[in-house]
Amino acid sequence: DKLPMEKRIINNTLYVNSTFNPWTWTKEDIIQITKEINQFEPFYMDADPVYLAIYLFLYKKYDIQEPRYIPKIITLSYEYVNKNIRRYIEESYNTTVLNLYGTTEFGYAFIEDEQGKMKICPDLLDVKLEPVNKEQNVYNLIIDSLKNEYMPLINYKVGDMVIATKEEYENFREKGQISRMAGREKDYEKIRIPVTVIDDIFSNFENILIYQLQYISNDNIVIKYETKDEQKLSESDENRLKQDIENLKIGNVQMKHIQAISPERSGKFAIIKFWEE
């Protein structure tokens with residue numbers, strides 16, 4: 001059972017979700033979450049982008065009449081923020097939405113600035129960029145952090161990648177700025193394409209909310225996707241999306257419209273799943 005609201009307020013932060021899979025939220029769950037946020041009236045809200053998008057989707061699907069409180073600032077963290085989800089959240093709230101990157105080990109490392117770039121949060125933290133593929137502007141993050149005195153990190157290879165232009169890379173020590181996050185290194189090692197390239201393709205199909213490329217063999221991919229209106233893409237759009245992904249030379253594509261992509265055991269939603277996982 002869910003703890004009472006007052007027991008989920010820690011250091012002036014209200015935690016509204018205690019469910020592993022947000023697709024199991026009932027209408028009563030959505031009403032309760034909405035009422036708690038309304039009562040708490042946060043100036044600032046931090047959320048997993050996929051969980052927040054599913055909350056907004058179910059709020060509309062269940063035709064909730066309870067009005068939603070609008071925070072002044074929303075940050076999206078915990079996992080990769082796809083462009084369609086970002087757009088969906090911005091349209092739903094009509095407030096400032098920023099990307100925020102960090103991990104459990106060292107806390108927050110980058111926050112989006114006014115130009116839409118990711119800017120380093122330098123408090124007790126040093127970040128280096130390790131080239132992965134300079135032609136693609138892809139770099140690994142290497143972290144030194146003294147934020148946790150019981151777990152100092154020296155040359156910690158996070159496993160997450162970023163996109164940085166030549167100028168951003170050359171001036172990183174001075175300006176601490178990159179273009180965007182670029183997904184997991186373990187995914188890149190297998191397909192040699194940063195997630196940003198894939199996401200840019202999906203962003204051309206605005207009705208898609210959540211998607212996943214699932215490898216069923218070395219060369220065959222099933223694209224699972226959910227839409228905002230729960231309708232399958234038109235045949236022409238499916239064919240165009242299929243062709244755009246196949247043009248990346250990462251596998252042969254089958255399309256599959258589904259109602260709910262589930263999170264992984266980590267609680268995050270995988271954009272790419274491989275056959276051995």
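First select every other residue whose beta carbon is under 14 angstrom from the beta carbon of GLN39; then total the charges, Lys and Arg +1, Asp and Glu -1.
-1
May I ask you to derive the relative contact order of the chain, considering only C-alpha pairs under 8 Å and at least 6 residues apart, and to give it as an integer percent?
Taking the mean separation of contacting Cα pairs over the length of the chain, I get 12 percent.
Given R₀ = 22 Å, what would the calculated FRET efficiency be for GLU91 paired with SER234, taking r from the Cβ atoms and rounding to 0.05?
0.50
Could you check what % of the DSSP bridge pairs in region 198-260 are antiparallel, to the nearest 5?
Taking every DSSP beta bridge within region 198-260, about 55 percent pair in antiparallel fashion.
Could you give the Stokes-Einstein D for region 110-234 in µm² per second, using the C-alpha Kirkwood radius, 25 °C, 0.890 mPa s?
In µm²/s, the coefficient rounds to 148.
Nearest 5 is fine: what % of DSSP beta bridges in region 1-97 come out antiparallel, could you say?
25 percent
Using modelled backbone amide H atoms (1.01 Å from N, in-plane), which distant-in-sequence or interchain residues come within less than 5 Å of TYR80's amide H?
none
Among residues other than THR96 whose Cβ falls under 14 Å from its Cβ, what is the net charge (Lys/Arg +1, Asp/Glu -1)?
Spelling it out: positives minus negatives among the neighbours equals -4.
How much net charge surrounds GLN259 when only the other residues with a Cβ under 13 Å from the Cβ of GLN259 are counted, with Lys and Arg +1 and Asp and Glu -1?
In short, +2.
Relative contact order for region 192-233: what percent, with Cα pairs under 8 Å and sequence separation of 6 or more?
32 percent
Taking a probe of 1.4 Å, how large is the accessible area per residue of the chain, in Å²?
Accessible surface, normalised per residue, equals 53 Å².
Once the principal axes of the Cα atoms of region 29-146 are found, what is the range along each, listed largest first in whole angstroms?
Ordered largest first, region 29-146 gives principal extents of 50, 32, 25 Å.
If I compute solvent accessible area with a 1.4 Å probe over the protein chains, what percent of it on region 187-277 is carbon and sulfur?
Reported share for carbon and sulfur atoms: 41 percent.
Which percent, nearest 5, of DSSP beta bridges in the chain are antiparallel?
The antiparallel proportion sits near 70 percent.
Take every Cα pair under 8 Å in region 1-119 that's 6+ residues apart, average their separations, divide by the length, and report that relative contact order as a whole percent.
Relative contact order comes out at 20 percent.
What is the gain in length, in nm to one decimal, between LYS249 and ASP63 on full extension, counting 0.36 nm per residue of separation less the C-alpha to C-alpha distance?
Length gained, LYS249 through ASP63: 62.7 nm.
The values are calculated or read from the model by the stated rules, or taken from the named source; none is laboratory data. These figures come from a predicted structure and were not determined experimentally. Cβ atoms come from the backbone with ideal geometry, glycine included; neighbour counts cover every protein chain shown. Areas reflect the complete protein model, heavy atoms only, side chains present, ligands, DNA and RNA absent. Shrake-Rupley method; radii C 1.70, N 1.55, O 1.52, S 1.80 Å.
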